[in-house]
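Since the structure comes first, as structure tokens, the remarks are kept for the end.
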Ligand SMILES: [Zn+2]
């Protein structure tokens, strides 16, 4: 999957149709923590490809504070994403978001819900799931 696909949401829930399952009465919503804001990325002095920053150096910045290595993130980028970086069409913030998404993918692969998955939802393929929003979905990231 290319980063462009990821950003367009092709890995996220598809076909939102609300809430026959996740109601306060059925999920005890009052006891759930609120959804955390998705990693508000404040990368000061954001360099990008236009400044001539090599991709791995940019990934070093993008991965700061995340349990993922720049090399791992680089290996996960599709060739078209790397080409976008070379052309200056991929920002450091986008790389940071991609790195964060890879961390969440790893957590889900280990059966752990990312911290912001604080809502109960229903996936038509998986059944009840933890997600960042309530609702009923045709598919999900799990
Ligand atoms: Zn699912």
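The numbers here are math on the coordinates, done by the rules we state, and not lab data. Everything quoted here is computed from the prediction, not taken from an experiment. Reconstructed Cβ throughout: ideal geometry from the backbone, glycine too, with neighbour counts over all protein chains shown.
A compact table of results
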{"quantity": "Most to least packed among 83-89, 70-76 [average Cβ atoms within 10 Å]", "calculated": "70-76, 83-89"}
{"quantity": "Prolate/oblate/rounded label for region 83-134 (Cα gyration tensor, a/c 1.5)", "calculated": "prolate"}
{"quantity": "Gyration tensor verdict on region 55-142 (Cα atoms; rounded if a/c is under 1.5, prolate if a/b is larger than b/c, oblate otherwise)", "calculated": "prolate"}
